[in-house]
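Okay, structure first, notes after.
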Amino acid sequence: MKLFYLPGACSLAPHIVVRETNTDTTLVKVDRATKQTEEGQNYLDVNPKGYVPALQLDDGSVLTEAQVVLQYLADLNPDSGLAPAPGSPERYKLQEWLSFVSTELHKNMGSFFNPKQTPEWREAVTALLGMRLDVLVKMLGDREFVLNGFTVADAYLFTVLNWAGKAKFDLSRWPTLVAYHKRVGERPSVQQAMKEEGLL
Ligand SMILES: N[C@@H](CCC(=O)N[C@@H](CS)C(=O)NCC(=O)O)C(=O)O
């Protein structure tokens, strides 16, 4: 399999899962500007959507959308505990988390990197994201991870929180999240994936 990534982008989440599960996967870096892969391929031929992550399976088929790629990798390794069994009530809870991280956190935090963002837009997103993070802290409670034990949702949530520094979004208002980010960031799989992407 091949995992197409941009350093530090949301593709870091499946990269963490690959390292967490020791799944045999080749990491292929994509150039954001040119859409060329480091293997000299036009990335748009792999994923016409143009964004990462994309997971190319050994039969040549391609899976996109972070939530799907994460669940696919977890299901390849059912004993890993990275996703509850398909169809179980806990699996729907995981999907609820993945959707929240994707649509409420990823898209809002990611908008800070849009060079066209105006001060008014930034202010509005900052307020909205603040509301979402207030709720996130309540949802997390005093748990170490979003469910019982580390799952793919934690890999995704860590990845999005990891953008805060570069986005100049101050997380210190949420000490629970600062501690969560530090805790997850210390996992060997996270350290390895970040080193491999040149982030450490
Ligand atoms: N809906 C997609 C969105 C993925 C996405 O936003 N990818 C960003 C990086 S986090 C990207 O590749 N952007 C392309 C670019 O910046 O040119 C998903 O959930 O996987």
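The values are calculated or read from the model by the stated rules, or taken from the named source; none is laboratory data. Everything numeric here is computed off the predicted structure, so don't read it as measured data. Here Cβ is always computed from backbone atoms with ideal geometry, including for glycine, and neighbour counts include all displayed protein chains. To get the accessible areas, we keep the full protein, side chains included, count just its heavy atoms, and leave off ligands, DNA and RNA. Shrake-Rupley method; radii C 1.70, N 1.55, O 1.52, S 1.80 Å.
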>> If I filter the stretch 158-176 for residues that are open to solvent by 30 Å² or more (accessible area, probe 1.4 Å), under 28 Å from Glu90 (Cα atoms) and assigned to a helix (DSSP H, G or I), do I get at least one hit?
In response: yes
>> Would you confirm, using the coordinates I've provided, whether Arg187 is of a type outside the set (A, V, I, L, M) and in contact (Cβ under 8 Å) with a residue 60 or more places away in the chain?
In response: yes
>> I'd like the residue in the stretch 34-67 that is within 8 Å of the ligand (Cβ to nearest atom) and open to solvent by 70 Å² or more (accessible area, probe 1.4 Å) and, out of all such residues, is nearest to Leu94 (Cα to Cα).
In response: Glu65
> Hey, among the residues in the stretch 68-109 that are of a type in the set (Gly, Ala, Ser) and more than 15 Å from Glu20 (Cβ to Cβ), which one's surrounded by the most Cβ atoms within 10 Å (Cβ to Cβ)?
Replying inline: Ser102
>> Of all residues being within 13 Å of the ligand (Cβ to nearest atom) and among the aliphatic types (A, V, I, L, M) in the stretch 4-27, which is surrounded by the most Cβ atoms within 10 Å (Cβ to Cβ)? Just the residue, please.
In response: Ala13
